[in-house]
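Read the structure below first, then the notes.
The values are calculated or read from the model by the stated rules, or taken from the named source; none is laboratory data. What you see is a predicted model; the values in this text were computed from it and never measured. A quick note on method: Cβ atoms are made from the backbone with ideal geometry, for glycine too, and the neighbour counts reach across all protein chains shown.
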Amino acid sequence: MSDALLILNAPLPDKKMLRAVAKTVDLVACADGGLRTAVDCGIVPRIVIGDMDSRPKRLPKLPDTVYLCDFDEDRSDFEKSLAWLEEAGFNRVFVSGVRGGRVDHERVNWGIVRAWSRRLELAVVDGGITRLLGPGAYRFPGAPGHPVSLISDSASATLSTKGLRYALKKERILPGSRGLSNICLGKSFTVTVHAGRVWASMADA
């Protein structure tokens, strides 16, 4: 499995986390103006993708960085970047910047995450980690006391958990506050989705 970090054009909440993720992946990509964030964090992207309308006017001297211009007006730079990463063979993509910027941009970004989570394993890294989980069993690293939220993305979802203070056993949850702010008990926890899809959000302590 090949991992990538995709940096979007948005204010960055956590430089430390972004630098840590960048060290673990096989490739760092930026969606257009995400280049500014990367440079501010001291991260050198391998590729910058988009229509280049929000890139820095003076490009930084990055001789090993490729700029891929895509002027398709029917897709956002986020979508263009995910399509390129999928075609390039990346299976897991960490995404930074989904929650930043304007409210309408954020709404669209979460919609893109929702749609593309059926094709790629996406993990949003903005002030914690958020993933959309389909049916299956998942194990996550954690720490005692860290908050964990499990929120249904479908009309209802059935799931079980281990390693959380408020355990679930094949329980049906609806969209709403039922799964909000659970607590991790140890160094890891598991979530099994029996039906539906669930947003799993591991916030910073």
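Numerical summary
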{"quantity": "Filter pass, Ser54 being under 25 Å from Arg197 (Cα atoms) and either touching a residue at least 12 places away in the same chain (Cβ under 8 Å) or surrounded by fewer than 18 Cβ atoms within 10 Å (Cβ to Cβ) (or both)", "calculated": "no"}
{"quantity": "Whichever residue in region 183-195 is in contact with a Pro (Cβ under 8 Å, 6 or more places away or on another chain) and crowded, with 20+ Cβ neighbours inside 10 Å and, among such residues, is nearest to His146 (Cα to Cα)", "calculated": "Cys184"}
{"quantity": "Options Ser81, Ser76; residue that is surrounded by 14 or more Cβ atoms within 10 Å (Cβ to Cβ) and in contact with a helix residue (DSSP H, G or I) (Cβ under 8 Å, 6 or more places away or on another chain)", "calculated": "Ser76"}
{"quantity": "Inter-residue pairs, beta-carbon under 7 Å, first assigned by TED's automatic domain parsing to the domain that holds Val198 and in region 163-187, second among the charged types (D, E, K, R), 6+ apart", "calculated": "Asn182/Arg165; Ile183/Arg165; Leu185/Arg165"}
{"quantity": "Matching residues in region 1-27 - criterion: being surrounded by fewer than 23 Cβ atoms within 10 Å (Cβ to Cβ), among the hydrophobic types (A, V, I, L, M, F, W, C) and outside any loop (DSSP other than H, G, I, E, B)", "calculated": "Met17, Ala20, Val21, Ala22, Leu27"}
{"quantity": "When residues of region 130-150 are limited to those that are aliphatic (A, V, I, L, M) and surrounded by 19 or more Cβ atoms within 10 Å (Cβ to Cβ), the one nearest to Asp14 (Cα to Cα)", "calculated": "Val148"}
{"quantity": "Test set (1) under 30 Å from Lys80 (Cα atoms); (2) modelled with pLDDT of 95 or more; (3) surrounded by 13 or more Cβ atoms within 10 Å (Cβ to Cβ) - Leu164 fails condition number", "calculated": "(1)"}
{"quantity": "Selection from region 37-50 of residues that are touching a Lys or Arg at 6+ places or on another chain (Cβ under 8 Å) and either part of a loop (DSSP other than H, G, I, E, B) or not aliphatic (A, V, I, L, M) (or both)", "calculated": "Asp40, Cys41, Gly42, Ile43, Gly50"}
